[in-house]
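Structure first, commentary second.
The values are calculated or read from the model by the stated rules, or taken from the named source; none is laboratory data. The shown structure was predicted, so the numbers you read here are calculated from the model rather than taken from an experiment. Note that we place each Cβ from the backbone using ideal geometry, even for glycine, and neighbour counts take in every protein chain shown. Heavy atoms of the whole protein, side chains included, go into the accessibility calculation; ligands, DNA and RNA do not. Shrake-Rupley method; radii C 1.70, N 1.55, O 1.52, S 1.80 Å.
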Amino acid sequence: MPEGPEELWVDEMAGPVVRPYAVAKGRARHAGGDALDLLATVQAREPLPDPGVLTPEEETILDLCRGPVPVAEIAAELALPLGVVRVLLGDLLERRLVTARSPETVSGRPDTNLLKEMIDGLRAL
């Protein structure tokens, strides 16, 4: 029985095999170099570009980021590895389609409530 497109991307034992690599265009890091913090919040800038110039993943990211959203939540929503999402966000930052803010800390420590939310989100995966 021939495999459909979705089956080509998934190995039953390993999960997704090629697609994340293809989505990031073979890159493990964004050309800009700086990796976004897991707790950094990202927000889409207005006006949004024509969807015809975006990849499906970029379009989804911009839809998710209409309000500030943590990088980790974007990765969870897209069901993509964090590294791939960081590459995509780096591309969007470079094109000035999103803004990113580092998490606010008090005396060098992240907000406890934010950490609890992140743990709950990771457990939900």
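Does any residue of region 107-119 turn out to be open to solvent by less than 80 Å² (accessible area, probe 1.4 Å) and at pLDDT 85 or above?
The answer is no; no qualifying residue exists.
For L92, which of the numbered conditions (1) open to solvent by less than 20 Å² (accessible area, probe 1.4 Å); (2) within 22 Å of K116 (Cα to Cα) fails to hold?
(2)
Give me the residue from region 35-79 that is in contact (Cβ under 8 Å) with a residue 40 or more places away in the chain and either among the β-branched types (V, I, T) or part of a helix (DSSP H, G or I) (or both) and, out of that set, nearest to P103 (Cα to Cα).
Checking each candidate, the answer is T41.
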